[in-house]
Amino acid sequence: MPNRRCRHFTLGMLGLCTAILALTAGAALAAADRDTQEVSRYVLTEAGLAKYSAASTNLSKLGKSSLTAGCDEESPASIDKVVAKADASPPVKAAIQGGGMTTREYVVFSMSLLQAGIAAWGMEQPGGKLPPDVSKANVDFYKSHKAAIDKLASPKRPSAAIPGTTAIRVTIVTAKNSRPVTFALLALACAWMADVADAGGKIPVISQRTFVAGNAHVIVTGSFKFTADIALNIPASISDGEDTWLQYGASGSEAPNALFKVSPTEIGIIVAQGKPSATAGDTCQGKLDVTAASVKGHYVCKNVASYDPRSGQMGTVDIDISLVATS
């Protein structure tokens, strides 16, 4: 039976965090560092969460396009930029302020919440420890309020939550060099703001069924890599008529393995080989064909965040997966 913890990953939210943000050197990197310091200093509180929940409820009534105004990837991004563009949209500004928050506090709260959720997940992994510059008090707050936080991503997706495997870091490409910084939280905040709008795409319905055979051809390149043909793990693959889990190989094993998860609102892909893993969501492009006898699909996911708990290092990978499962 598949691990039901998969229900608690908002896989569609992961895509934006893996984008490589093209920035100029010097001032842009300094701005990113200032943003990181602001997020790290922010204190999560009960009062803040209540306001954030109210603002998120208001935002859920808006369209996704209005929430991603400050999240374009083709120009330098910062908290200042996201706030300015969000405030330039009267409906977005009114929705956030209607919850009792400024737009800046909403964005920073989002980033702090995501940072705490990622750190909480990392600390649960073998050898995991509190990352530098992450507030333990915020991590504790996240853990004690996780049930309420899990409901924020979308009113139609009450099981959605902050994904543990999402990157805290992303490579910032400059004119002369590149270095990892804790800047991906800004992209995550954009994704979180978009996710509360619940703009899920059209996904084929997979009826309740079990599977008897299948395989996946998986190519992973980047921070870790493998090319493998992986047999369907039949006992771990099932559809309950709403969610579908197709597990290829054994999750957590040293051999290459992949999980393909389908829900009514999103498709998620997790690939791993030993400890390194990567989780992809709505940045993936592809097609899923469903019949009464089979599920077939091909997806390509670019710049997906990866994580190696042995070293604590983040990275990015590209994923190409072709899969079939017959029932």
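Based on the Cα atoms of the stretch 201-308, what semi-axes does the equivalent ellipsoid have, where each is the square root of 5 times one gyration tensor eigenvalue, given in whole Å with the largest first? Display every interim value, and only then the final one.
Details: eigenvalues 98, 53, 25 Å².
Calculated on Cα positions only, the semi-axes equal 22, 16, 11 Å.
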Task: Entries of LYS51/LYS85; LYS85/LYS287; LYS275/LYS302; LYS51/LYS129; LYS93/LYS143 with Cα pairs more than 25 Å apart - done: LYS85/LYS287; LYS51/LYS129; LYS93/LYS143
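Which GluC sites (Glu not before Pro) in the stretch 238-327 pass both tests, a DSSP loop state and at most 14 other beta-carbon atoms within 10 Å? Please list the in-between numbers first.
Details: sites: GLU242, GLU254, GLU266; in loops: GLU242, GLU254, GLU266.
Taking the stretch 238-327 and a limit of 14 other Cβ atoms within 10 Å, the loop GluC sites (Glu not before Pro) found are GLU242, GLU254.
Can you give the FRET efficiency for HIS145 and GLU242, using 1/(1 + (r/R0)^6), R0 = 25 Å, r = Cβ-Cβ distance, to the nearest 0.05? Display every interim value, and only then the final one.
Numbers: r = 26 Å, r/R0 = 1.06.
Calculated value: 0.40.
Bear in mind that the values in this text are calculations on the coordinates, not laboratory data. Here the structure is a predicted model, which is why all the values come from computation and not from measurement. Counting neighbours? That spans all protein chains shown, and the Cβs are built from the backbone with ideal geometry, glycine included.
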